[in-house]
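The block underneath contains the structure these notes are about, expressed in structure tokens.
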Amino acid sequence: MGKKKQVDDSIIPIDIAPSDPDYNRYPVSKHRSCWIHVVGYLRASRKKITKQEAQRLRSLKLTAPCFLDNIPCRAQSKRRVTRKKSTPKLKNKLDSGSFECYLETLWSRLPADKRDLFTRLDCQWFAWYRKASYREKVLSWVKRKEIFSMKYVLVPIVCWGHWSLLIFCHFGESLQSKTRTPCMLLLDSLQMSDALRLEADIRRFMFDIYKAEGRPENKQMIYQVPLLVPKVPQQRNGKECGNFVLYFINLFVKSAPENFNIDNYPYFMKNDWFNAEAVERFSERLHALA
């Protein structure tokens, strides 16, 4: 047999490799025909490509960009489903595509006056920011969100196969403000996983966001912004973290004060904030709507 022709993998970013736990490949129905979907399809089907095809993919990367903050959910099927045989997706560990779909459904049903205080980042952006080759691109996406004009910014995070929720509070305010305190909250349903292992990346992310916006605050001031980790209810198994993050978002958006003040921390974010049964009921309702 002849020698196998090697495939030029240089154009395939590591984020979409099936072995990368941070990527959780987007389903075709949710990801459509951007360049990442095309390359992901080639990877999944183990198709070989020529150098000419690799060059065309490089061109596709420029002409068919991926806008992961606007992934449409598939229209609900009208087919009858036997519920006994169907396994709700939210009973399983959520991949990033399913998470975004459920979050889109949840977001559309939250009170409009509450939503106006918030913006949110795609759940993959933080993981991609941690990869140097994607850092500038992610920061450009974040800049479009105009987060310094919002009271709160929701940053779902998936790293090492675990979901948590980062919230930026009052980033547009002076770092010396006493009534609208710029700070960060990290809500983690598995605190034994050591939520603060993300702190260095979170602070670098925050600093780069300030820098990209041309803000006047210096590095020392920015790195002094408090990162608070409240003791929130904990998950019961290894699959619930994504559901807990969705529920954190649901409750926080509905209950967040207009002016977050560290003097009143942790507000409602305590061990008895809710119970596991409430998360399960919420997940079942959300699955029925999505």
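Quick look at the values:
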item	result
Breaking point among (1) surrounded by 19 or more Cβ atoms within 10 Å (Cβ to Cβ); (2) farther than 27 Å from TRP107 by Cα, for GLN220	(1)
Candidates SER283, SER255, filtered to the one that is among the small types (Gly, Ala, Ser), within 21 Å of LYS178 (Cα to Cα) and in the same structural domain as GLY97 (by TED's automatic domain parsing)	SER255
Matching residues, region 174-190, being closer than 16 Å to PHE118 by Cβ and modelled with pLDDT of 95 or more	PRO182, CYS183, MET184, LEU185, LEU187
Selected residue (only one of ASN243, ASN218 is in contact (Cβ under 8 Å) with a residue 60 or more places away in the chain and at negative phi)	ASN243
Top-ranked residue of region 184-194 - restricted to ones that are in contact with a Phe, Trp or Tyr (Cβ under 7 Å, 6 or more places away or on another chain) and part of a strand (DSSP E or B), ranked as surrounded by the most Cβ atoms within 10 Å (Cβ to Cβ)	LEU187
Flag if ASN250 is free of Cβ contacts under 8 Å to residues at least 12 places away in the same chain and either surrounded by 13 or more Cβ atoms within 10 Å (Cβ to Cβ) or more than 19 Å from LEU106 (Cβ to Cβ) (or both)	no
Residue match in region 152-169 (condition: touching an Asp or Glu at 6+ places or on another chain (Cβ under 7 Å) and buried (at least 20 other Cβ atoms within 10 Å of the Cβ))	yes
Segments classed as strands (runs of 3 or more DSSP E), wholly inside region 112-183, with at least 1 members that are basic (Lys, Arg)	118-120
Complete set of residues in region 69-115 that are over 23 Å from the mean Cα position of the chain (by Cα) and either over 16 Å from GLU284 (Cβ atoms) or modelled with pLDDT of 65 or more (or both)	SER77, LYS78, ARG79, ARG80, THR82, LYS85
Any hit, region 132-153, residues being within 16 Å of GLY242 (Cβ to Cβ), within 16 Å of the chain's Cα centre (by Cα) and either modelled with pLDDT of 95 or more or not assigned by TED's automatic domain parsing to the domain that holds ILE249 (or both)	no
Residue ranges of helices (runs of 4 or more DSSP H) in region 201-289 with at least 1 members in contact with a Lys or Arg (Cβ under 7 Å, 6 or more places away or on another chain) and of a type outside the set (Val, Ile, Thr)	241-255, 276-289
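The values are calculated or read from the model by the stated rules, or taken from the named source; none is laboratory data. As the structure is a prediction and not an experimental result, all values here were calculated from the model. Here the Cβ is made from the backbone with ideal geometry for all residues, glycine too, and neighbour counts use every protein chain on show.
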